[in-house]
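Asks: Take this structure, written in structure tokens, and hold onto it; I'll ask about it next.
The values are calculated or read from the model by the stated rules, or taken from the named source; none is laboratory data. Being a predicted model, the structure only gives us computed values, none of them experimental. Every residue, glycine among them, receives a Cβ derived from its backbone with ideal geometry; neighbour counts consider all protein chains shown. Please note that ligands, DNA and RNA were not included when accessible areas were found on the heavy atoms of the full protein model with its side chains. Shrake-Rupley method; radii C 1.70, N 1.55, O 1.52, S 1.80 Å.
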Amino acid sequence: MSQIPLMPKATAVWLIDNTGLTFEQIAAFCHLHPLEVKGIADGEVAQGVKGADPIDNGQLSREEIARGEADADYRLKILEPKVRLPELKRRGPRYTPVSRRHDRPNAILWLVRNHPELKDAQIMRLVGTTKTTIQAIRDRTHWNTPHLTPMDPVTVGLCSQLDLDFEVQRAAKDRPADAQTDSATLLPAEITTGPAHLRPDAQREEEKPNLSLDSVFAKLGGSRKGE
């Protein structure tokens, strides 16, 4: 299928006013009917439409127009765009193939167990489910709960690894940092790398009583005499 120029009718208006191309040539290039092009030329169609220059838009070259003006049977060819714009992703629920739909509850269970930080909306985007189903699996009220088995949604083909990583990283950014955990597990560098007598483990060693075999036997002997 050939590419359609931007603003076909506006392009046709410009070509009619500024070139010697035939109606058939303009109609073929703009994907219009020849009678519609004739109506544009007569002022019956596209009244008030401002012409769009296909040369400025990078859709035609002057040499291509001149070639068409010289040969009435020649059909203009649109120029290939220099920059390819990515296709817009369709927003809405993710489509899940019929063959994969029975794995969806297993994938939800896997996400709930392995990534509890994910919100319901994120799980819905990943596997194309509903909030009611997610809540039922969380509460173990789903009709098939006894037979559910956690399954990685990437492995079963419900989402890509890039999508999963993106949602996990997004959830991690939204989650507040636990300052108490960090302070309880991390020690200042001057303590962990400082002299041995200043380290917490060394201090704990100094606090231990200095027990010897002689003192232990002496205590045992004293206790026997008291008996």
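Asks: Could you run through region 109-123 and say how many residues are more than 17 Å from the chain's Cα centre (by Cα), assigned to a helix (DSSP H, G or I) and more than 12 Å from residue 156 (Cα to Cα)?
Replies: The qualifying residues number 4.
Asks: Additional query: Which residue is farthest from residue 71 (Cα to Cα), if the candidates are limited to region 37-54 and must be of a type in the set (D, E, K, R) and either in contact (Cβ under 8 Å) with a residue 24 or more places away in the chain or open to solvent by less than 20 Å² (accessible area, probe 1.4 Å) (or both)?
Replies: Kept after step one, since they are of a type in the set (D, E, K, R), are these residues of region 37-54: 38, 42, 44, 50, 53.
If we keep only those that are either in contact (Cβ under 8 Å) with a residue 24 or more places away in the chain or open to solvent by less than 20 Å² (accessible area, probe 1.4 Å) (or both) too, we end up with 50, 53.
Working: 50: 27, 53: 21 Å.
Among them, the one singled out is 50.
Asks: Please count how many residues of region 130-174 are aliphatic (A, V, I, L, M) and open to solvent by 80 Å² or more (accessible area, probe 1.4 Å).
Replies: 1
Asks: If you don't mind, another one. Name the pairs whose Cβ atoms lie under 7 Å apart, with the first residue in region 133-155 and farther than 13 Å from residue 104 by Cβ, the second exposed (fewer than 12 other Cβ atoms within 10 Å of the Cβ) and at pLDDT 90 or above, and 6 or more positions between them or separate chains?
Replies: Hits for this filter: zero, empty list.
Asks: Given the structure, is residue 114 open to solvent by less than 60 Å² (accessible area, probe 1.4 Å) and either aliphatic (A, V, I, L, M) or modelled with pLDDT of 90 or more (or both)?
Replies: Against the criterion (open to solvent by less than 60 Å² (accessible area, probe 1.4 Å) and either aliphatic (A, V, I, L, M) or modelled with pLDDT of 90 or more (or both)), residue 114 does not qualify.
Asks: Could you please let me know if residue 43 is of a type outside the set (Asp, Glu), under 15 Å from residue 16 (Cβ atoms) and at pLDDT 90 or above?
Replies: Against the criterion (of a type outside the set (Asp, Glu), under 15 Å from residue 16 (Cβ atoms) and at pLDDT 90 or above), residue 43 does not qualify.
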